[in-house]
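A short reminder: the numbers here are calculations on the coordinates, not readings from a lab. The shown structure was predicted, so the numbers you read here are calculated from the model rather than taken from an experiment. Heads up, the Cβs are rebuilt from the backbone with ideal geometry, glycines too, and the neighbour counts pull from every protein chain shown.
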């Protein structure tokens, strides 16, 4: 019972997050991933804290389990080596500025000449051949350009303090996932046709695609004060008995859910309260409405009782917890929500586990994180590695045991 | 003109009845009569639920000892024969409306007994409750012991009354003496929310539940079942029942009904 992508070889030119997250997903599903990095620093995320310099924990979380190859593509011999490696690839993934790999003769056109079956995914901010292809793309800049930041600023309104980008690099991670999806689809296509192809994935387009309220943001319809998208993102956070906080997953402003809430609260008098008679009025008098909801929440003593009562209205509730707290919960243990990797200084660090469980496949957690060029000798198609190292074409670090 | 010992304020159909006999709401004929009249008045004026609280530092520190002098006890209920302190407590239990007690500070002795005569008790976290009569050589004389037995069983009831200790709110909630413990600062808003949920509920059905529960508590399951049979007619023919069924049929959720208390 192997893993779903057993036997698939991925050549990975990606760096930082969007690309590495894509190839991490492929690795987790069982593919062999060979990560190609330039000499010197390699993937720059090897360096920022926390964790050992050269193999930081950020790097470990995304790149554990991938073999590390370090070749200088500025040398013709280096490029030849890598092109040779790409002949044996099922998949190539890159996230350079569009046009970069063409300069190194490692673009899709060149690689697919030698390997027409290759599935070659390019991840970028705005696509390979568009008027914005030359623009750098980072999660916050993409969030800003495609409108997510504006939506967030509007959403948090006056409570925003000094507005800033939020705590997650959505554009990178979602795009990594879309790229993995594209690769898997192309693999299936290859299965029936025998042919590979180029998959061009753009972060800005991804962020539109994953925006469940795009139909509102794009068309700007009149909403009459009703919140968008079931008001899912207007879920209030409320104090709970014993000092914690909980979130209930509905907007009290949305008419549909206001009615359900009033019933489950046993407060149908609120439906006839002139302060709350329309979505617009509920928005205007939201502080008073929240007072009523908060008071009702405080009439419960255990979270379990509260959530059970919410099931009367087909709803649930969530406890506000930290990730560290959550990772120690019974569920986290049952699921294998976290796993450990030993870093290059011998310390065990917790990283996320798998989001899937396959009934007919087994997945292998990543067992190691590689220093720059650690697998050159094992992976590169050459008998002459000492000469290449001496010439600076290939660069191999020894793992330092402390 | 002296301040009234008891005030009534309204929040929709919820009558909020507050004791304010300075300094500590010690129960005497005047205070108990005032409470009875407020409750009867609320019922008359269309209340669908009652919230009983104190405007002073404590809920009630106990019975005024003058109550137990000959002649004085008879003053409760405006001198109506057979009233007295137990008559007062029975008037709470016989009132068809649900009564919620909101307790803060001390509810000791007679103060605890007033709370125990209510249907539901919400308590502030720092409140102190106890059947403290034994500390001055008395036994609780206003219905505490049987009502504790009904809630917590004889062993715990005897422990509470014989030792006369003060108890923490959470302990009493855990034992089943009271319903809900909240942070001190939240008592007012939460007890209001709690009582309002009853005030907008199906008043006839709620009144039936009260009767059945009290009968079962006093005289056992069979007596409760008898009361249930008695109440059947009124509940089944109530307009609120028809509203509830209709809401269920149209929206799939009975709780979406807007009850009117008839």
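By average Cβ neighbour count within 10 Å, what is the ranking of A:2-8, A:379-385, A:151-157, A:65-71 from highest down? Don't skip to the answer; put the middle values down first.
Details: A:2-8: 16.4, A:379-385: 14.7, A:151-157: 12.7, A:65-71: 23.7.
Answer by packing, highest mean first, reads A:65-71, A:2-8, A:379-385, A:151-157.
Ranking B:53, A:283 by Cβ neighbours within 10 Å, fewest first, what do you get?
Ranked by crowding around the Cβ, least crowded first: A:283, B:53.
With chain B treated as a Gaussian network of Cα nodes joined by springs under 10 Å, which of B:126, B:66, B:54 yields the largest mean-square fluctuation?
It is B:66.
Taking R0 as 30 Å, what's the FRET efficiency between residue A:167 and residue A:354 from their Cβ-Cβ distance, rounded to 0.05?
Given R0 = 30 Å and the Cβ-Cβ separation, E is 0.85.
Using mean Cβ contacts within 10 Å as the protection proxy, how do A:251-257, A:140-146, A:362-368 order, highest first?
Taking the mean over residues of other Cβ atoms within 10 Å, the ranking is A:251-257, A:140-146, A:362-368.
I need the shape label for the stretch A:289-357. Rule: rounded when a/c is under 1.5, else prolate if a/b > b/c, else oblate, with a, b, c from the alpha carbon gyration tensor.
The shape class here is prolate.
What value does the protein assembly as shown have for Rg/Rh, both radii from Cα atoms and Rh as Kirkwood defines it? Walk me through the numbers before you get to the answer.
Numbers: Rg = 35.8 Å, Rh = 30.7 Å.
Using only Cα positions, Rg/Rh for the protein assembly as shown is 1.17.
Mind jotting down the distance between the C-alpha centroids of the stretch A:177-238 and the stretch A:307-346, whole Å?
Cα centres, the stretch A:307-346 to the stretch A:177-238: 26 Å.
Tell me, how many Å apart are the Cα centres for the stretch B:189-262 and for the stretch B:10-27?
Going from one Cα centre to the other spans 25 Å.
Calculate the translational D of the stretch B:178-259 in whole µm² s⁻¹ from Stokes-Einstein, where the hydrodynamic radius comes from the Kirkwood formula applied to all Cα pairs, the temperature is 4 °C and the viscosity 1.567 mPa s.
Translational D for this selection: 88 µm²/s.
Can you sort A:1, B:19 from fewest to most other Cβ atoms within 10 Å of each residue's own Cβ?
With the fewest neighbours first, A:1, B:19 line up as A:1, B:19.
What do you get for Rg/Rh of chain B when both radii come from the Cα atoms and Rh is the Kirkwood radius?
0.98
In what order do B:203, B:221 fall by count of nearby beta-carbon atoms within 10 Å, going from fewest to most?
Taking fewest neighbouring Cβ atoms as first place, the list is B:221, B:203.
Compute the distance in nm between two label points, each set 7 Å from the Cα along the Cα-to-Cβ direction, one at residue A:132 and one at residue B:57.
Label at residue A:132, label at residue B:57, 6.7 nm between them.
Separation of the stretch A:1-63 and the stretch A:69-125 by C-alpha centroid, Å?
16 Å
Relative contact order, percent, of chain A when contacts are C-alpha pairs under 8 Å separated by at least 6 residues?
It comes to 20 percent, rounded to a whole number.
Which length gain, in nm to one decimal place, applies between residue A:77 and residue A:321 when the Cα-Cα distance is subtracted from 0.36 nm times their residue separation?
82.5 nm
Under the definition of Cα pairs under 8 Å and six or more residues apart, what whole-number percent is the relative contact order of the stretch A:1-57?
33 percent.
Shielding by partners for A:240-253, please: the mean number of other protein chain Cβ atoms within 10 Å of each residue's Cβ.
1
Going 7 Å from the Cα of residue B:3 along its beta-carbon direction, which residues of the stretch B:27-46 have the amide nitrogen within less than 17 Å of the resulting point?
Output list for this probe position: B:27-28, B:30-32, B:34-35.
Treating the angle as unsigned and between 0 and 90°, give the value, to the nearest 10°, between the Cα long axis of helix A:18-28 and the longest Cα principal axis of chain A.
Its long axis makes an angle of about 80 degrees.
Restricting to DSSP H runs of at least four residues, report the calculated mean residue ellipticity at 222 nm for the protein assembly as shown, -39500 (n - 2.57) per run over all residues, nearest 500 deg cm²/dmol.
Result for the protein assembly as shown: -12000 deg cm²/dmol, rounded to the nearest 500.
Could you please tell me the mean projected area of the C-alpha convex hull for the stretch A:27-173, averaged over all directions and given in square nanometres to one decimal? Display every interim value, and only then the final one.
Working: hull surface 44.7 nm².
One quarter of the hull surface, i.e. the mean projection, equals 11.2 nm².
If one takes the longest principal axis of the Cα atoms in chain A, at what angle in degrees, from 0 to 90 and to the nearest 10, does the Cα axis of helix A:286-297 lie?
90 degrees
At q = 0.12, 0.14, 0.23 Å⁻¹, what is the base-10 log of I(q)/I(0) for the stretch A:304-402 according to the Debye formula with one equal point scatterer per Cα and no solvent? Please give it to two decimals.
-0.69, -0.81, -1.16
If I model a spin label at residue A:332 and residue B:171 as a point 7 Å from the Cα along the Cα→Cβ vector, what separation in nanometres do I get?
Taking the two extended label points, one gets 3.6 nm.
Can you give the relative contact order of the stretch B:123-243 as a percent, counting alpha carbon pairs under 8 Å and 6+ residues apart? Walk me through the intermediate numbers first.
On the way: 116 pairs, mean separation 30.2, N = 121.
That works out to 25 percent.
Given Cα positions, please report Rg to Rh for the stretch B:106-262, the hydrodynamic radius being the Kirkwood one.
1.06
Given a 10 angstrom Cα cut-off, can you work out which residue in B:207, B:229, B:153 is the most mobile in a GNM of chain B?
B:229
For the pair residue A:192 and residue A:277, what calculated FRET efficiency results from E = 1/(1 + (r/R0)^6), where r is the Cβ-Cβ distance and R0 = 60 Å, to the nearest 0.05? Display every interim value, and only then the final one.
Values: r = 59 Å, r/R0 = 0.98.
FRET efficiency, residue A:277 to residue A:192: 0.55.
Under a 10 Å cutoff between Cα atoms, tell me which one of A:88, A:131, A:165 has the largest fluctuation in the Gaussian network model of chain A.
Greatest mean-square fluctuation among the candidates belongs to A:131.
Using a 10 Å cut-off around each Cβ of peptide A:297-308, what is the average number of partner chain Cβ atoms that fall inside?
So the per-residue partner count for this stretch is 3.
Could you work out, residue by residue across B:8-14, how many beta carbons of other chains sit within 10 Å of that residue's beta carbon, and then give the average as an integer?
For this peptide, the per-residue mean of nearby foreign Cβ atoms is 1.
What spacing in nm lies between the two simple spin-label points modelled at residue A:383 and residue B:139, each 7 Å away from Cα in the Cβ direction?
Computed distance between label sites residue A:383 and residue B:139 equals 10.7 nm.
Roughly what % antiparallel, to the nearest 5, for the DSSP beta bridges in the protein assembly as shown?
30 percent
Which angle from 0 to 90°, rounded to the nearest 10, does the C-alpha axis of helix B:203-219 make with the longest principal axis of chain B?
Rounded to the nearest ten degrees, it is 50.
Provide the FRET efficiency to the nearest 0.05 for the residue A:144-residue B:248 pair, computing r from the beta carbons and using R0 = 30 Å. Display every interim value, and only then the final one.
On the way: r = 50 Å, r/R0 = 1.66.
Efficiency for this residue pair is about 0.05.
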